[in-house]
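Taking it in order: structure first as structure tokens, then the write-up.
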Amino acid sequence: MQITEIYKSLQGESTYAGLPCVFVRLTGCNLRCTWCDSEYTFQGGRKMTIEAVREEVRRLNPTGGLVEITGGEPMLQEKEVVPLMERLLDDGYTVLLETSGERPLARVPADVVKIVDVKCPDSGEADTFRMENLAALTPRDEIKFVLSSRADYAFACEFIQKHRLAERVNAVLFSPAFRKDATGARDSSHCLLDPKELAEWILADKVPARLGLQLHKFVWDPAVKGV
Ligand code: SF4
């Protein structure tokens, strides 16, 4: 499979935020979100076998714990990534899969925690969520909306209500989008939507969602990769 990088850091998003995690970042994406901070994954990378990836994960974290499969869009390499996730589960890791929701998820092993984006209008990739993926969601999974505006917020609220998402998954995450060229200050000034404003909307509307901030962008310079 084609791999951009494998590294150990703290998990920055989801209900696992703050925990040590090995990230396996696959190369390539078929979407082009306006605020994407992973454009460096679109090309390049190096070919690795499933066994080589597994060995590198073991080297970085020999005692188990979290492994996140991410990208790019990892499910573009489904043929290799599904057996990789099975091997990592066999090795005793808790496996997270971060995916755009555009690729079919039916073949993802049931014990994997899927963190699935639903792209909002301002991402420029609205309507790419594959509706049949709703049936593949389990109570361990998480659904994430990255929001840039009030219009995105309204879209997300309607979507979770229409599809009763809060009843289907472990968490519905609302996360303000970050400017993709952000650098320097490690604070919310780079957010395209003010987290305070979003928090107030969530409280006022009693939305069954969890406010998520990208923790790593408040710990390290937002421009730094591999953290
Ligand atoms: S799906 Fe993810 S990697 Fe692909 S363009 Fe959107 S944010 Fe970037």
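Computed quantities for the displayed model
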read-out	value
Count of segment 190-200 residues which are open to solvent by 40 Å² or more (accessible area, probe 1.4 Å) and either within 24 Å of ASP141 (Cα to Cα) or of a type in the set (Asp, Glu) (or both)	3
For THR94: the one exception among (1) touching a helix residue (DSSP H, G or I) at 6+ places or on another chain (Cβ under 8 Å); (2) more than 17 Å from MET1 (Cβ to Cβ); (3) of a type in the set (Ser, Thr, Tyr)	(1)
Test: residue in segment 79-96 that is within 16 Å of the ligand (Cβ to nearest atom), surrounded by fewer than 22 Cβ atoms within 10 Å (Cβ to Cβ) and of a type outside the set (Phe, Trp, Tyr)	no
Selected residue [at pLDDT 95 or above, open to solvent by less than 10 Å² (accessible area, probe 1.4 Å) and of a type in the set (A, V, I, L, M)] from LEU134, LEU173	LEU173
Qualifying residue in segment 22-45 (condition: within 14 Å of the chain's Cα centre (by Cα), within 12 Å of the ligand (Cβ to nearest atom) and part of a strand (DSSP E or B))	yes
Options ASP122, ASP152, ASP187: the member that is of a type in the set (D, E, K, R), touching a residue at least 24 places away in the same chain (Cβ under 8 Å) and open to solvent by less than 10 Å² (accessible area, probe 1.4 Å)	ASP152
Some residue of segment 202-218 being surrounded by 15 or more Cβ atoms within 10 Å (Cβ to Cβ) and in contact with a Lys or Arg (Cβ under 8 Å, 6 or more places away or on another chain)	yes
So ILE69, is it more than 18 Å from VAL146 (Cβ to Cβ), aliphatic (A, V, I, L, M) and within 14 Å of the ligand (Cβ to nearest atom)	yes
Residues that are open to solvent by less than 30 Å² (accessible area, probe 1.4 Å) and either more than 14 Å from the ligand (Cβ to nearest atom) or of a type in the set (Phe, Trp, Tyr) (or both), drawn from segment 106-119	VAL108, PRO109, VAL112, VAL113, LYS114
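The values are calculated or read from the model by the stated rules, or taken from the named source; none is laboratory data. The model shown is predicted, which means the values in this text are computed figures rather than measured ones. Cβ: placed from backbone, ideal geometry, glycine included. Neighbour counts: every protein chain shown. The accessibility values were calculated without ligands, DNA or RNA, using every heavy atom of the protein model including side chains. Shrake-Rupley method; radii C 1.70, N 1.55, O 1.52, S 1.80 Å.
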